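For reference, the structure discussed in these notes is given below.
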């Protein structure tokens, strides 16, 4: 069995990753098999049912697993098995375009679904529903070592001398792009100019000590003690703490709303649409909330969420929450301004600061 594109899944599941520890290959493989099985291997109910292929970015793997288990108890989900591939969002999107089998995709960025629309694999109407194609929400948070030894309280502290940052690489990771946009927009939100926001990003990247390929890889690097602060999804921090990791995280006063899309491919088995409908139901969103994601629909009984700073109130509203569409002009504008090859602000700053990998 191949393990392509699953090497980023389950690294902090199934074995405890301690600071300074070396992640042993055997432990990684065990975690992968426990979580999703190998690519090409079915996971789910017994033989005789439908097999669905899910391709996604690494971060929501546990949430999808919880939703699949809940869906399996319904008449539509009974008997469905899963073959799944998880990795960095952009890499996964390109893999589907290049022939990786998928019925349902769950990516970090809208643009990774748009790539499939442009390739004729997903219908252009994929985001016409009430949630505009979004299946999970989160916010950008700052994770710090236990006790917060560097006394990090917000964005301003990240550019101080000696603060070591780990964040995924924007070239491959969707979560990295959310992180960088949050770092930029918090300057604007506080009344700063674009020039000041650009200067902040330059200092920010100057303090980056690692740019792993995905959000999950970044979490692993942080847990191994390579940095003082991890820029992350709130749900990723919560899930790591559910897995027994000991670190603190804080929701900055100014942060960005993360909106992750899901879509069904044109030639998908009809059961894939039924799964997407379930994910967007209150019961499906409850499964996602249990793994640290903020619900995207009304009427979800969240309950207590283990791993959150306050399990009884796991998703406090930030003081100022900005969005891609309302504050940054939408993804088309964002991609051109920030991430276009050679000309985008972020690739340019990465080159200037020698932080490209």
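The values are calculated or read from the model by the stated rules, or taken from the named source; none is laboratory data. Every value quoted in this text rests on a predicted model; they were computed, and no experiment measured them. With ideal geometry, Cβ positions are generated from the backbone for all residues, glycine too; neighbour counts draw on all protein chains shown.
Numerical summary
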| item | result |
| --- | --- |
| Residue 341 being farther than 30 Å from residue 83 by Cβ, touching a helix residue (DSSP H, G or I) at 6+ places or on another chain (Cβ under 8 Å) and exposed (fewer than 13 other Cβ atoms within 10 Å of the Cβ) | yes |
| Strands (runs of 3 or more DSSP E) enclosed by the stretch 206-310 - at least 2 residues per element that are within 14 Å of residue 59 (Cα to Cα) | 229-233, 254-264 |
| Members of the stretch 72-83 that are in contact with a strand residue (DSSP E or B) (Cβ under 8 Å, 6 or more places away or on another chain) and closer than 15 Å to residue 276 by Cβ | 80, 82 |
| Condition check for residue 251: within 30 Å of residue 144 (Cβ to Cβ), in contact (Cβ under 8 Å) with a residue 24 or more places away in the chain and either in contact with a strand residue (DSSP E or B) (Cβ under 6 Å, 6 or more places away or on another chain) or buried (at least 18 other Cβ atoms within 10 Å of the Cβ) (or both) | yes |
| Boolean, residue 91 is surrounded by fewer than 24 Cβ atoms within 10 Å (Cβ to Cβ), in contact with a strand residue (DSSP E or B) (Cβ under 6 Å, 6 or more places away or on another chain), closer than 23 Å to residue 121 by Cβ and not assigned by TED's automatic domain parsing to the domain that holds residue 242 | no |
| Test for residue 57: is it closer than 20 Å to residue 122 by Cβ and modelled with pLDDT under 95 | yes |
| Condition met for residue 129 (touching a residue at least 40 places away in the same chain (Cβ under 8 Å), within 28 Å of residue 314 (Cα to Cα) and not assigned by TED's automatic domain parsing to the domain that holds residue 233) | yes |
